[in-house]
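Here the structure comes first, spelled out in structure tokens, and everything after it is commentary.
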Amino acid sequence: MGDITIEAFEDEARRFLDANAARKEAERKFVWGEGSDRVVVFEEKDREAELADVRTACEWRAKKFDAGFGWIGGPTQYGGRALPSSYERAYLRLEAQYEVTNQNAFTIGLGMVAPTILAHGSDVAKESYLRRMYRADIVGCQLFSEPGAGSDLASLQTKAERDGDEWVITGQKVWTTGAQYSDIGEVIARTDVSLPKHKGLTGFIVDMHAPGVEVRPLRQMTGGSSFNEVFFNEVRVPDDHRLGDVNNGWNVALTTLMNERAAIGAGGGGGGGVNMYTRVIEMVRHLGLDSDPLVRNELANLLIHQRVSGYNNQRAMDKIKAGQLPGPEMSIAKLAGTLNGQRLSAFVSKVLGPKLIADGGEWGTYAWGALVLGTPGGRIAGGSDEIMRNIVGERVLGLPKDMGIDSKSAFKDLPVSRA
């Protein structure tokens, strides 16, 4: 693309956005009783509607990529412009002023999988996927967790056996977001059972439409199915789709997980385009509890925790934007996010009481049930709270490493009483 000043770049971006998207209207003040009262943690639609949304998002991303704004900081050989991160931030600030389709379908593929392919993929894999991913010709997902190996990733049992120039993958993954509309997936599998569990793993890129791949929706207690379980029945993967060296999958996984912490730590719940904390404040006023000293104290505590968490998230995201690798502060951000979600859920439940569980037709009450039912999932997504606490304790506070529990003998490492 050649050298370009940031002022000229911004002018170019404005011309593109003016020609292809409508400017946002001034944000209207939230008024209790107007608009949708739906508040959720995980946005859920039926799969047909979801696929239609993904197709629309892909169309916008392709148009953006072709105009030179799809991978602003990426290498030019794969369709990027190799511009500094300040240009990416400038574009995103401008795009936020326009009505564009939701881009959440690409959070995992572009936020986690694509950076891992760039860091660890073969030349064949980079040429095959990076440009197509950033143009949204294909969508990616992450396949790490298993029924017996969630946050303890190193205990996974999905196996990959070499057969000439191919690998044969067999096993099961679970809690996979976006598998239902993804074209490729990043898989970590066990390739050597004789090595310690962290050392016998290898990463691969798998075709989600290949023979032997089966995606099944997981029904949640919210009634939705935004996650999936994925089965691999002797799925063949070319060796040039391997990520990194054989048995070096743990380092490949760490590359992905650091980016995952960043994505989840910086995320937030949805409430029909309105900040859910604004909703909860107005709910307290509507119910006439804004003069109750106990409710006011709990609400203030809720808002303070949310604000402090936001400052920590901003610090972490600024570090990433400056080109630094995300560190343990991402685990703090993720843990703080789930704890704040639990505080919000508990507060709403206490204030609403029976109105939360019985639909009396009153606007802004029963609709909070979707958030309350979805909140527990945040304790698991992106690493459980327990794992996050271990990371913070060991890497931030310098506490001794958790001795862990032997998965085959639950009491093996526990001290034996001599009394």
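Every read-out reported here was derived from the displayed coordinates using simple, explicitly stated rules and does not represent laboratory data. What you see is a predicted model; the values in this text were computed from it and never measured. A quick note on method: Cβ atoms are made from the backbone with ideal geometry, for glycine too, and the neighbour counts reach across all protein chains shown.
Points to keep in mind about this one:
- Among the listed pairs Lys63/Lys126; Lys173/Lys199; Lys159/Lys334; Lys159/Lys319; Lys199/Lys401; Lys24/Lys63, those beyond 27 Å (Cα-Cα): Lys159/Lys334; Lys159/Lys319
- Highest-MSF residue in the chain out of Arg379, Arg315, Arg307 [GNM, Cα springs under 10 Å]: Arg307
- Percentage, to the nearest whole number, of Cα pairs in the stretch 266-396 over 18 Å apart: 59
- In this structure the amide hydrogen of Leu218, modeled in the peptide plane, comes within under 5 Å of the amide hydrogens of Phe227, Asn228, Glu229, none closer than 5 places in sequence on its chain.
- Highest-first packing order for the peptide set 235-245, 365-375, 4-14, 219-229 is 365-375, 235-245, 219-229, 4-14, based on the mean count of other beta carbon atoms within 10 Å.
- Percent breakdown of C-alpha pair distances by 10 Å bin, ordered from the shortest bin, for the stretch 140-248: 16, 50, 28, 6, 0
- Take every Cα pair under 8 Å whose residues are at least 6 apart in sequence, average their separation, divide by the length of the chain, and the relative contact order is 16 percent.
- Gyration tensor analysis over the Cα atoms of the chain returns equivalent ellipsoid semi-axes of 35, 31, 21 Å (largest first, whole Å).
- Label-point separation in nm, Asp123 to Thr76, each point 7 Å along Cα→Cβ: 1.9
- Counted charge near Pro147, where neighbours are those whose Cβ lies closer than 10 Å (Asp, Glu -1; Lys, Arg +1): -1
- Among residues other than Leu201 with Cβ under 15 Å from its Cβ, the summed charge is +1 (Lys and Arg +1, Asp and Glu -1).
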